[in-house]
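Please treat every number below as a calculation from the coordinates, not as lab data. Only a predicted model underlies this, so the values are computations on that prediction, with no experimental measurement involved. Note: ideal-geometry Cβ built from the backbone for every residue, glycine included; neighbour counts use all protein chains shown.
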């Protein structure tokens, strides 16, 4: 999962919000719309964490064995890490570099947490829906070579996640987050339009309107003569408008018959300004403008779980205990005791709890009331995806769409075309990636009904072929994932966050939910680095 | 090589120009600027090939052996193919499917023509510069795994080139043609700015200007009340402007300190509208808006020559004679005779000449005067590239730029960061890709001087590190490539083009220069398909 920031008032850097949990799934506006539905006006958002000072942050220095020998004092301590997700594995990996004795306890039967890549042979359990009902179980039947990143799927160039890929030797390839050949479809449109066409029309009319207003002197109070000339030059390029300053289409829209030996044939009638504006595509055409979503983005070759598998391998299988559910956390002056279901209590000098806050909040122990209240504050959010494996890559063969996303305002949110296996026989399309109220609605559905809805919506974009050649399908509702119980969290109020960024005695907390990168693996990694640094400094001083 | 279309007046689909030879190298405006320098006004451009009719074109049907047996008449003929570039190999490959006896004559010592991928161990010969001087010879010393696509480097999703990759089993990966984290630099700027920052500022101010004009009623004659409301909503998203309709920056610009545990620190002062307009970035920020340049684009894994190597393998090594220079082409009523340097004449039923027109025009023979005049019409154009192999991928490690291009108006044109080998030890940067007058200037330089200039320009973008850790460098000036003598051609007038799209007796012509996709492999492939279809129909009827 990776949420987008909601669009914010200009200059709002100091108001970066933690309220991303409302969901966005790849289009800031989706979240914005959802916030509107929930009555969460952007003005309610605040920044609980003080903005960083202007100085560059201290670079992360991993603990080293020599830190102890050089100082001649202290020694690596024992650390219990709760949760083998990205944050927990990174904590154990980094502390392990200095010889800390880490034990990672994971309630699920595999490592990775939300960094979940599903392949044929996997079994996906779901708990009862929040509104009641029974649990469910899907057997994944994708073919050899097909994978479904059910959780996070993309990495921005600036994120620390890429540094870990480099350090761990995880090979990368481009994740196509935006594709000019993919489509946009809103309820206000008669049918799907290629992104390139919608963008050409929108940019064209914007340029025409502004160019004509400029030309007629309407902006004389704001623009010098030189500004005007430069603006008109800019708009000529930007909107592909000619000397008349009128937008009448152009090759950026695409072709019905591509150029080749012949000149090509255009798409036909250019919609009117009113038609273009009524499409309501503002947020869809700016999906990739955000800092977290801009192209190019990246993914590990072979599945996102390559990162957590590499981390787990470095930590060592003998230090990770899966299928172990924590039932109590008790801090003592000299250590931490953790009780587990059906096993002996485990003790260590320190504990780093990386479970989701809403899960941690339910675990008994002696954490003080303020800490418990803070853990109970963030609200777990819904997000869902469906992976549709096709026996024929019709999106490439027939639609000439290689990766990327179709953006909609339907309840499926987005359709993602695979950024791997180009021209292979099979391919996996993400038939929905929804958040907010749409995801909440899908939470309560059985897999079969989710599939039915996904196909119905997909047919509106791609026609009947969307329902054919399907070999396998698996859907996930993150609110129903055992021991995770949410896609990410939203902080409805900021009280308690800074409290949890500090240790509660010998218990530390780590996770994306403690950062400004909620729903991104990078948040978990940054949080892990902070806790590792804090803990190591404390041990060195002890 | 792949040229962009020059920007054209809106609605100019029917005026798609063949004059792309003026060069563009990844930014329509570069070509536009070059055209201005040369006094080539866009209005001079015309479309010599009639636009295709509204009907979908007849899909290409490759010749099959059964075409002969089913009809009970005719038989595969013998065909001499001149030139083992993309067009020539595709002709031989397609005709070979029906059992035609093709012989491919290639003057160079390797197949591929302009689809040239250089690796360690290769030797690159250059003829004397057009202005005189001596020839030159570079020994390529790139390390294992490093390659340099000295010619074409990228493929658009809609191009037939991808169909050939699928058919031939050539694996693909994304070519990052635009990167929000890369830079723009013009002579009018104090220093480089990230694409994302420049774009955020430009879009922000455009939105502010148009939103305020709309809000103040300056567009009331053009917009209904509903239009106005929708336009303002669109601009809010598009420009990331708030309720005040003023652009004051925002997270799209990027950060000095990235968000993580803290909220991040913005980039600082937002430039004024006047400053933004004076950067002159209109064409650079719309580089990827064109139909041929939009993201995502693709490349074969391991080097562009994977396509020509696959074609050559299907044609068969025994049917391709390299190092054979054609010295005469004589058409006869019953066949074609081709003389070659230092060898016996070669005869066949038909000939398909795929050499560049300016090379063909110099070969003696009995082609009629009209055909010879037509061949002499297109003007060969200059383009150049330099491949810089670094021992350290500083653009990834320090600048967090993974693939893509920095656009400049310096004489280097573009800097391309590699779209392969992410996080490897070494990497190859294309230090310039220039066209037009800049390329003409570089044509006359020795490799060492080209390298010096490339490094000086690159330092203006990346600082001193651009000059460090260089392991190897190779540069190419396409005007100085033996037997090719140009990057692509420009048609200064349209006379003769349609003549060359028809056979001259038993001699056919094929190449990108006969299509509306000049400088793209897709043009060569489309032309090859047309000739194959025409020739096969003729043989079936004979």
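Once the mean of 1/r is taken over each pair of separate Cα atoms and inverted, region A:93-195 shows a Kirkwood hydrodynamic radius of 18.3 Å. Here the scattering of region A:262-334 is modelled by Debye summation over its C-alpha atoms, one equal scatterer each and no solvent; at q = 0.16, 0.18, 0.24, 0.25 Å⁻¹ the log10 of I(q)/I(0) is -0.94, -1.00, -1.12, -1.15. Can you put A:187, B:167 in order, fewest other beta carbons within 10 Å first? Least crowded to most crowded, the residues run A:187, B:167. Translational diffusion coefficient of the protein assembly as shown (Stokes-Einstein, Kirkwood radius from Cα pairs, 37 °C, 0.692 mPa s): 106 µm²/s. Once you have all Cα-Cα distances for region A:310-362, histogram them in 5 Å bins from zero and send the whole-percent values. With a bin width of 5 Å, the distribution comes to 4, 16, 23, 26, 20, 10, 1. With all projection directions averaged, the alpha carbon convex hull of region B:200-341 covers 20.1 nm².
Ordered by the count of other Cβ atoms within 10 Å of each Cβ, fewest first, B:69, B:286 give B:69, B:286. Can you give the percent of C-alpha pairs in region B:162-276 whose distance is more than 25 Å? Summing the P(r) tail past 25 Å for region B:162-276 gives 43 percent. The mean sequence distance of close C-alpha pairs (under 8 Å, at least 6 residues apart), as a share of the length of chain B, puts its relative contact order at 24 percent.
When all alpha carbon pairs of chain A are counted in 20 Å bins from zero, the resulting P(r) reads 21, 50, 24, 5, 0 %. When all alpha-carbon pairs of region B:438-521 are counted, what percent fall beyond 20 Å? Pairs farther apart than 20 Å: 56 percent. A label point on residue A:541, set 7 Å along the Cα-to-Cβ line, lies at 9.2 nm from each of its counterparts in the other copies, closest listed first. Put simply, when A:506-514, B:439-447, A:409-417 are sorted by average Cβ atoms within 10 angstrom per residue, most first, you get A:506-514, A:409-417, B:439-447. Mean per-residue shielding of peptide A:276-284 is 5, counting Cβ atoms of other chains within 10 Å of each Cβ. Counting, for every residue in A:238-250, the Cβ atoms of other protein chains within 10 Å of its Cβ and taking the mean gives 5. Across the copies of the chain, residue A:125 has label points (7 Å from Cα along Cα→Cβ) spaced 7.1 nm apart, shortest distance listed first. Against chain B, whose longest principal axis comes from its Cα atoms, helix B:305-315 is set at around 20 degrees. In region A:152-213 the Cα-Cα distances spread across 10 Å bins starting at 0 as 17, 28, 23, 21, 10, 1 percent of all pairs.
Note the angle between two axes, namely the Cα long axis of helix B:28-37 and the longest principal axis of the Cα atoms of chain B, as a number of degrees from 0 to 90, rounded to the nearest 10. The helix B:28-37 is inclined about 80 degrees to chain B.
In this simple spin-label model, placing a label point 7 Å from the Cα along the Cα-to-Cβ direction at both residue B:469 and residue A:244 gives a separation of 5.3 nm.
Here the sum of -39500 (n - 2.57) over DSSP H runs of 4 or more residues, divided by the residues of chain B, equals -8500 deg cm²/dmol at 222 nm, to the nearest 500. For region A:312-444, the Cα gyration tensor yields ellipsoid semi-axes of 43, 21, 11 Å (square root of five times each eigenvalue, largest first, whole Å). With a Förster radius of 30 Å applied to the beta-carbon distance between residue A:278 and residue A:221, the computed FRET efficiency rounds to 0.45. Its Cα gyration tensor gives region B:399-542 an equivalent ellipsoid; the semi-axes, largest first and in whole Å, are 40, 18, 13. In region B:393-465, Rg over Rh equals 0.98, where Rg is the alpha-carbon radius of gyration and Rh the Kirkwood radius from pairwise Cα distances.
For region B:71-143, the Cα gyration tensor yields ellipsoid semi-axes of 36, 15, 8 Å (square root of five times each eigenvalue, largest first, whole Å). Measuring between their Cα centroids, region B:252-289 and region B:373-413 lie 24 Å from each other. Per residue, the average separation of C-alpha pairs within less than 8 Å and at least 6 apart gives region B:275-370 a relative contact order of 18 percent. Each of A:270, A:308 was scored by other Cβ atoms within 10 Å of its Cβ. Listed from fewest to most, they are A:270, A:308. Between residue A:424 and residue A:368, the modelled label-to-label distance comes to 5.3 nm, taking each label 7 Å out from Cα in the direction of the beta carbon.
FRET efficiency for the residue A:459 to residue A:498 pair, using the beta carbon distance and R₀ = 51 Å, is estimated at 0.55.
Taking 0.36 nm per residue of separation and subtracting the Cα-Cα distance, full extension of the segment from residue B:187 to residue B:229 would add 11.2 nm.
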